[in-house]
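J.: Here it is: the structure, laid out below.
Read-outs throughout are calculated quantities, based only on the coordinates presented, and are distinct from any laboratory measurement. Because the structure is predicted, anything quoted here is derived from the model rather than measured. Don't worry about glycine lacking a Cβ; one is built from the backbone with ideal geometry, like all the others, and counts go over all protein chains shown.
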Amino acid sequence: MTAQARIKASFPVRRMDFGFTDVPRYWFANDPFLTHFLSSLSSLFPEGEFFFVTSMRNVRELIEDPVMQKEISAFIGQEAMHSKEHKAFNDYATEHGIDVDFFHRRVGKLLKFGHKILSHKQQLAVTCALEHFTATIAAQLMKREDWNGQMNDPVMRKMWLWHAVEESEHKSVCYDTYQKLYKDYPTRAIAMVIAWSILAVVLADQQVRLMAKDGQLFNGKSWAKGMWSLFGYKGFISELALPLLDYFRPGFHPEDHYSDDLEQKYKALLKFEG
């Protein structure tokens with residue numbers, strides 16, 4: 001066995017196979033708005049993760065460091081599993097009247113267009129921006145037990161916490177690859193503005209559509225509860241403003257946002273070995 005073959009990534013690829021058989025319609029806090037918010041996020045992951053994987057595969061042959069190559073391979077493996085499991089949930093939700101498949105297809109077309117018009121560097125810059133978003137959401141989800149504890153279905157809670165752990169584990173891989181190859185701050189910053197602007201519009205549109213499709217568009221109580229939970233004082237999203245904006249700092253690095261203790265806590269809770 002060669003020395004390179006003995007090199008291992010710093011995180012494993014976990015093969016998961018969640019069974020979505022009896023998930024309640026409102027599996028988060030028994031609430032339409034908050035359940036649909038997370039379902040909306042889930043609808044983005046299959047095609048989004050594929051975009052991330054493709055952007056890394058586009059450039060990995062330029063990386064000579066064998067350690068980084070192992071990290072990239074593990075990143076690709078984890079993201080492929082995330083895509084698979086969220087696609088399985090999305091299919092289940094669509095079959096039960098929550099039509100996230102429409103969003104899945106629409107996002108797929110948008111990202112395929114991105115592959116056509118963006119250079120490999122720009123695609124990787126977009127991936128870095130969205131990876132920071134997912135890693136920040138992941139850390140918040142693990143930190144806020146008042147939030148993850150409201151997932152009233154054990155399968156859904158395990159899926160989201162598994163995803164959160166792994167997003168934290170590989171949060172530096174894309175960024176380190178980008179810095180190794182390009183170190184282009186303006187492209188990185190511009191990509192972030194564009195990616196997050198599109199993401200905000202897409203999520204807002206999907207929230208309205210899901211609530212309308214579910215007959216909950218005029219459920220003022222659910223809207224008020226959801227908006228306050230996300231954007232109010234100590235809201236789930238409001239607390240993310242500073243860590244998200246830190247990405248604009250020229251000297252930023254994902255590891256500046258320490259989450260190792262949260263990873264270890266939830267790996268123990270979920271009985272993960274690696």
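J.: What is the sum of charges, Lys and Arg at +1 and Asp and Glu at -1, for the other residues whose Cβ falls under 10 Å from the Cβ of Phe18?
T.: Result for the local shell: 0.
J.: Give, as a single signed number, the net charge of other residues whose beta carbon lies under 11 Å from the beta carbon of His253, with Lys and Arg counted +1 and Asp and Glu -1. Walk me through the numbers on the way to the answer.
T.: Details: positive: Lys171, Arg249; negative: Asp176, Asp246, Glu255, Asp256.
Combined, the nearby Lys, Arg, Asp and Glu give -2.
J.: Now for a separate question. Just need the Rg to Rh number for the stretch 176-236, please, alpha carbons only, Kirkwood Rh.
T.: 1.22
J.: Next question, about the same structure. How tilted is helix 154-169 with respect to the longest principal axis of the chain? Cα atoms for both, answer in degrees (0 to 90, nearest 10).
T.: 30 degrees
J.: To the nearest 10 degrees, how steep is helix 32-59 against the longest Cα principal axis of the chain, on a 0 to 90 scale?
T.: Helix 32-59 and the main axis of the chain meet at about 20 degrees.
J.: Still on this model: Please compute, for the alpha-carbon atoms of the stretch 34-115, the extent along each of the three principal axes and give them in descending order in Å.
T.: 48, 24, 19
J.: Another question, then. With an 8 Å Cα cut-off and a minimum separation of 6 or more residues, compute the relative contact order for the stretch 25-269 in percent.
T.: 28 percent
J.: Which net charge results for the neighbourhood of Ile72, defined as the other residues with beta-carbon distances under 11 angstrom from its beta-carbon, given Lys and Arg at +1 and Asp and Glu at -1?
T.: -1
J.: Along the charge dipole of the chain, Cβ charges K/R +1 and D/E -1, which of Gln122, Ser73, Ala224 sits furthest on the positive end?
T.: Positive-most Cα among the choices belongs to Gln122.
J.: Then there is this: Which of the pairs Lys143/Lys213; Lys171/Lys267; Lys112/Lys265; Lys225/Lys265; Lys112/Lys221; Lys112/Lys171 have their Cα atoms more than 27 Å apart in this structure?
T.: Pairs exceeding the cut-off: Lys143/Lys213; Lys112/Lys265; Lys225/Lys265; Lys112/Lys221.
J.: Let me ask something else about it. Which of Met56, Met81 comes first, and how do the rest follow, when ranked by fewest Cβ neighbours within 10 Å?
T.: Starting with the residue having the fewest Cβ neighbours, the order is Met81, Met56.
J.: Nearest 10 degrees, 0 to 90: what angle lies between the long axis of helix 220-231 and the longest principal axis of the chain (Cα atoms)?
T.: Helix 220-231 and the main axis of the chain meet at about 20 degrees.
J.: What list of ³J(HN,Hα) values in whole Hz, one per residue of the stretch 76-83 in order, does the Karplus curve 6.51 cos²θ - 1.76 cosθ + 1.60 (θ = phi - 60°) give from phi, with Gly and Pro shown as x?
T.: Couplings: 4, x, 5, 5, 5, 5, 4, 4 Hz.
J.: Something else: With θ set to phi - 60° and the Karplus curve 6.51 cos²θ - 1.76 cosθ + 1.60, what are the ³J(HN,Hα) couplings of the stretch 170-176 in order, to the nearest whole Hz, using x for Gly and Pro?
T.: With the stated coefficients, the stretch 170-176 comes to 9, 5, 9, 5, 5, 4, 5 Hz.
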